[in-house]
Amino acid sequence: MTRYSAFNLLREGLRGHTGWGKAWRSPAPKSSYDAVIVGAGGHGLATAYYLAKNHGLTNVAVLEKGWLGGGNTGRNTTVIRSNYFYPESAALYDLSVRLYENLSRELNYNVMFSQRGMVVTAHSEPDMEMAARQVNAMRLNGVDAEFLDRDQVRKLAPLLNYRADMRFPIHGGVLQPRAGTGRHDAVAWGYARAADALGVDIIQNCEVQDFIFEAGRCVGVHTSKGDIRAAVVGATVAGHSSVIAKMAGCGDLPITSYALQAFVSEPLKPVLDTVVLCPPFGTYVSQSDKGGLVIGGGLDRIPSYGQRGNLPVQETVLAGLVEMMPALASVKLLRHWAGIVDVTPDSSPIIGPSGVEGLYLNCGWGTGGFKAIPAGGYLFAHILATGTHHEISRPFDRNRFVTGHLIDEGAASGIAH
Amino acid sequence: MQIFPCPFCGPRNETEFHFAGELGKVRPATAEKIAAPDWATYLYAQRNEKGLVHEVWMHLTCSELFVMERDSVTMQVLDTRSLREDAQ
Ligand SMILES: Cc1cc2nc3c(=O)[nH]c(=O)nc-3n(C[C@H](O)[C@H](O)[C@H](O)COP(=O)(O)OP(=O)(O)OC[C@H]3O[C@@H](n4cnc5c(N)ncnc54)[C@H](O)[C@@H]3O)c2cc1C
Ligand SMILES: [Zn+2]
């Protein structure tokens, strides 16, 4: 693997870029591994990387039915933040933001993490009280947060609608300065390249079709490229977690799969240098380095495995955008798509044992797992390597649905979906 | 826009409909003590099937609950029928 550096860029520039080599190999699967990971999204690839790097486990394969990063990791709106309410969530998501802060250097791959801040607006006096509560909770949990009045929001995002006759006039908001955006593909590619360099086999076009059991223990997988045995199997398949759970016979999961849609506009001159979410409209927006507005909104209302958009949600999201920022009304859309996200009742992920020996789950990230890729991989690698929870992952065990210790961020931090 | 057939009103715009839940969930009988895992299954577990699904929907404009059979990948509606007929 050629390292990426200013020197190598200059040298390759002079040689017509002929010496870079492939970013990762495309090996044929071996017949057995110490660990097999199902699904090469960000969480699967990060898990493989940390297994190799933190736990010295390099005889590892990541199996992907399509192409790596082709699931939600390559379809999301790239917002990275840790503005949650409960201490358990703050510990998890802030670990992720901290890992992101050093990720480009660590992976020798520019993931373009841009800490441009994120503003969540408040639109009434009760909203302002909830915003103050949110800021206090975040600060108590050691996460950066600032309470903004209307003028401060205006300074950060002058494009927003400040008319007094607006349906939901802006009163103020919450800013997380360390939040921002990253380059989604680069996160997948960076982890893939770094894991590959440590010896991990990434096998694309390899669908896991069933599990191999011996004495009730999962000891491998049947795939479209043959049987592969494994000392331990981890599934990171997002919207397809229920399908995998059914295959493994580990019971129905507390997960519903929905389409989540996103939109990108034609490139514009810089108009917005922070991420803005307006909860009454459910719409959020940022501007990419290429100039496109990256727009997202609420979940579809209907369980779905159909990885495509539809008109009613498009109308809601874009109507919200136009109310938020009327100046954008005549901007044209370039693309529109959907990913299948795995939503839990408390909007928190499920990490840990599946209920079947030898098989572990990392899923339930729903609409917000891109920001969690470094932490998800870091913690899941710990679980696969040691067979036990990390202190940060323990509260997110599947058994919380039986004990009743839900981490209800859907309600607490008002996740729009 | 997709058109869904309400068994009472006929074909209507999808935005008039609300997904209520998977068909066949039975609330545990509370006359007896219910074990926590059974409550958890009732409250949280979802079949969440890829392909053919059986669900309970409400047509908001007439407030009737009904059963919809559809394909969760293609979104094709295969059948809708009254829940009342089921109960009979
Ligand atoms: C439109 C949209 C916007 C979003 N916006 C944000 C955001 O702004 N911020 C944020 O933090 N999160 C966001 N998310 C959520 C985020 O994208 C996901 O939570 C995250 O990418 C999940 O990563 P993953 O690696 O678990 O799953 P994925 O990236 O979906 O990877 C799972 C992989 O498993 C593979 N797979 C499935 N079944 C099998 C099988 N049987 N055999 C082999 N491989 C299999 C799939 O092909 C896929 O590549 C958004 C999601 C969407 C759809
Ligand atoms: Zn009707």
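Taken together, the values in this text are just the output of simple stated rules run on the coordinates, not laboratory data. The structure displayed is predicted, hence computed values, not measured ones. In this analysis, Cβ positions are derived from the backbone assuming ideal geometry, glycine residues included, and neighbour counts consider all displayed protein chains.
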**Prompt:** If A:Gly173 passes every condition in (1) of a type outside the set (Lys, Arg); (2) touching a Gly at 6+ places or on another chain (Cβ under 6 Å); (3) under 10 Å from A:Thr121 (Cα atoms) but one, which one does it miss?
**Reply:** (2)
**Item:** Flag if A:Arg98 is more than 14 Å from chain B (Cβ to nearest Cβ), within 16 Å of ligand 1 (Cβ to nearest atom) and without any contact (Cβ under 8 Å) to a residue 12 or more places away in the chain
**Value:** yes
